[in-house]
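Here's the structure, in structure tokens; my notes come after.
The values are calculated or read from the model by the stated rules, or taken from the named source; none is laboratory data. These numbers were taken from a predicted model, which means no experiment stands behind them. Methodologically, a virtual Cβ is constructed for each residue, glycine included, from the backbone with ideal geometry; neighbour enumeration extends over all protein chains shown. Surface accessibility is based on the protein's heavy atoms, side chains included, excluding ligands, DNA and RNA. Shrake-Rupley method; radii C 1.70, N 1.55, O 1.52, S 1.80 Å.
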Amino acid sequence: MAAAAATLAVLAACSTSSGRTPGPQFAWFDLVTADVSASAGFYEALFGWEVIPPSSSNDFGSIKLAGTEIAGVSQDAGSQSNGATWVAVLAVSDADAAARKATDLGGTLVRETETFDDGSVAAVVTDPQGALLALYQDNGSGGRVPTNVEGSWVWTDLFTSDIGATRDFY
């Protein structure tokens, strides 16, 4: 119940009178896993997702739902997770500025901003309580996670032990 109360408190703190959440929106999710093959089998059986594993020339693979990319997948070298974890990716207008702001607010820069071949830019940070998130500056393609489709993302919870610090950070 405490986790549910924490979720509700953070949502209330982030909501506007219109009920819409201001600021960055979730743009993507990455599955970071020690065993891509086992994870692929699980999610393919559970949701019917198609998992395309990373290749020898690319660190990231993709996850598709009905032919549409909905997430990424990468092999974990053991540095960020204990087996597997999902990383929420937030859309920002300036990844460098967002990463600086995150560290100014007590977060930790885990991965410096990087510009990809398509022109998009990303950085990885943790919040002050250690929750991992990525900051993504779109290249103009407007890519977003599909919603309201069975098997797609609906909600993301953040479980925290410090509601005040979490509210202040986000």
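Listing for the model above:
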item	result
Exposure ranking of VAL110, VAL125, VAL92 by accessible area [1.4 Å probe, largest first]	VAL110, VAL92, VAL125
Area of GLU112 that stays accessible when all protein chains are in place (1.4 Å probe, Å², to 10)	130 Å²
Around ALA99: net Lys/Arg minus Asp/Glu count, Cβ-Cβ under 15 Å	-3
Anisotropy class of region 70-131 from Cα gyration tensor, a/c 1.5 cut	oblate
